[in-house]
Amino acid sequence: MPTDTVPTATSKELVIRVLLAEDDATISEPLARALRREGYDVVVAADGRSALSEGVSQPGPDLVILDLGLPLMDGLDVCRGLRDAGVFVPVLMLTARTDEIDTVVGLDAGADDYVTKPFRLGELMARVRALLRRGPETPSRTPGSLRMDVGARRVFLHDKELRLTTKEFELLRVLMREEGRVVSRETLMREVWDSWYGSTKTLDMHVSVLRRKIGDDAQSPRYIATVRGVGFRFQNDLQD
Ligand code: CA
């Protein structure tokens, strides 16, 4: 994405959604007010589970401000859950104590930045702006022609939606998640069919139908390549 098209809070046509997950109202209320004053559309979640469900809903947030210590599910698990669901928007962690920083930074939960409490509003807003300028991490901005919205369970080819069965969707989801890497037949059987063993004819059949639906050709694949004796490798078509 060229930098001059990166959305800012001042763009008239774009509403930037911020998910604020914080259980302490003395923090979330003034923070939500400050964010709204800057033009952001703010959704507040007071526990980890609702934060995750808000985060994967559509239209999803453009940025998540995530308290580490949340009821029901802690911030790190929320962050991992978002990444697992294919949500790669920037996540700014709020930590209460400095000794928690090691946890946030050390465990690779996928947070992009952190701020320790107590923080100055001005500093936090500056971090928010910086993260939004940076935008989502690579997975969701892959410029290929096949695009998956995991949260909404939708797949688009050249912006046209495809109709996939549950298994086809799951198969494509695992392959796209591991983009550029070979995914073994065993892994696909286990993740898509919950099975370690059994006939992989089912797998071949599904790959074949999936290829047809995404307009792919097994002989000269644009998306799903067969790696003989091992499995399959997904590569998004970059020729557009
Ligand atoms: Ca908290």
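The values are calculated or read from the model by the stated rules, or taken from the named source; none is laboratory data. In this text the structure is predicted, and so the values were computed from the model without any measurement. Cβ: placed from backbone, ideal geometry, glycine included. Neighbour counts: every protein chain shown. Accessible surface areas use protein heavy atoms only, side chains included; no ligands, DNA or RNA. Shrake-Rupley method; radii C 1.70, N 1.55, O 1.52, S 1.80 Å.
If DNA, RNA and ligands are ignored and the probe is 1.4 Å, what is the ranking of D217, D237 by accessible area, most exposed first?
Listed by decreasing accessible area, they come as D217, D237.
Report the label-to-label distance for R49 and R133 in nanometres (one decimal), using points 7 Å from each Cα along the Cα→Cβ vector.
For the pair R49/R133, the computed spacing is 4.0 nm.
Grab the beta carbon distance between K201 and V15, set R0 = 41 Å, and tell me the FRET efficiency rounded to 0.05.
Efficiency for this residue pair is about 0.30.
Could you tell me the accessible area of V15 in Å² (1.4 Å probe, neighbours in place), rounded to the nearest ten?
Approximately 80 Å² for this residue.
Beta carbons within 10 angstrom, averaged per residue: use that to sort the peptides 22-35, 61-74, highest first.
Per-residue Cβ counts within 10 Å, averaged per peptide and sorted highest first, yield 61-74, 22-35.
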